[in-house]
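Any read-out appearing in this document is the output of simple, stated calculations on the displayed coordinates, not a laboratory observation. Since we're looking at a predicted model, the values are computed, not measured. Counting neighbours? That spans all protein chains shown, and the Cβs are built from the backbone with ideal geometry, glycine included.
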Amino acid sequence: ELKVEQNPLFLSMQEGKNYTIYCNYSTTSDRLYWYRQDPGKSLESLFVLLSNGAVKQEGRLMASLDTKARLSTLHITAAVHDLSATYFCAVDIREYGNKLVFGAGTILRVKS
Amino acid sequence: DTEVTQTPKHLVMGMTNKKSLKCEQHMGHRAMYWYKQKAKKPPELMFVYSYEKLSINESVPSRFSPECPNSSLLNLHLHALQPEDSALYLCASSQGDAGFSGNTIYFGEGSWLTVV
C-alpha cells in the first residue's frame, strides 16, 4: 500500500525565516505534485515534478524531487504572512494513471 | 482559462433525498475526477473518467453515482446518503488520457455537502 508522509504536519514560523517541508513516499513514482489549500477553499496547483532531480521555483517557494530517495521537499524562503495555508504533496501511481495519493498536509502559519 | 466550475457550492440534503453535483470544464481536458475531502484531511480519489468512460472507481458506495454526459461535463448523483458523507467534493480535470500522467490536475472550488 502506498504511503505518502509529510512532515512536519504543523509549522509555525516567523516572517523572514526559511524552512523546508518534507514529503516521503513508499512506492516508485517520478511524478509528484504540490498543492496549496487556503481555509474553506479548493486546491491550487503549485508544482508538478516529473523526473529525478527536478527543481522548480515560484516566488518564495522551491520544490525538488529525488526519486531514488523517494523524497520531495518544499522549501520556503523568507516567509511572509500570505504563505499561511495548508500544503499537500501528492504522488501519482503510474499503474493507475493520474491517481493522486495525498500526504496528510502541512499546516503553515507565518507569524508577523 | 484554467477553470473547473462546480455547482452548487453548498448543498444540504436529507438522507432520503436525491441530488446531483455538477462539474464543467472548457479546457479540452479528457480526464475528469471526483475527489472527496473530509475536514482537516487530504483529498481522496473517488472516480476517474477518461474520454468520457469510467476508468477508476475507488470502491465507492453505490449511493454515489458518477456520470459523464460529454467531455466537458461530470456529474455526481447522490442518493440515500449518510451523515458521514458530509464533506467537500472536489472535481478536477487534466489534459490528455488519464493513462498518461504528469499533466497538471486542476481542481474546482468544490461543493460543500451536508447530509442531515
Under 21 Å from the Cα of B:Lys41, which lysines turn up, not counting those fewer than eight places away in the same chain?
A:Lys3, A:Lys41, A:Lys99, B:Lys9
Would you kindly compute the Cα radius of gyration of the protein assembly as shown and its largest Cα-Cα separation (Dmax), both in Å?
17.6, 53
List every residue whose amide H lies under 5 Å from the amide H of A:Val80, counting only residues 5 or more places away in sequence or on a different chain, with H placed 1.01 Å from N in the peptide plane.
A:Gly16
About its Cα centre, what dipole magnitude does chain A give when the only charges are +1 on Lys and Arg Cβ and -1 on Asp and Glu Cβ, stated in debye to the nearest 20?
120 debye
Give the Cα extents of chain A along the principal axes, in whole Å, largest first.
44, 29, 20
Once you place label points 7 Å from the Cα toward the Cβ at A:Val55 and B:Ser59, how far apart are they in nm?
4.1 nm
If all Cα-Cα distances of segment B:3-61 are sorted into 5 Å bins from 0 onward, what percent lands in each bin, rounded to whole numbers?
4, 14, 19, 26, 24, 11, 3, 0
Please list the non-local residues whose amide H lies under 5 Å from the amide H of A:Lys99, H modeled 1.01 Å from N, same-chain partners needing a gap of 5 or more.
A:Ile93
Between segment B:65-94 and segment A:38-112, how many Å separate their Cα centres?
26 Å
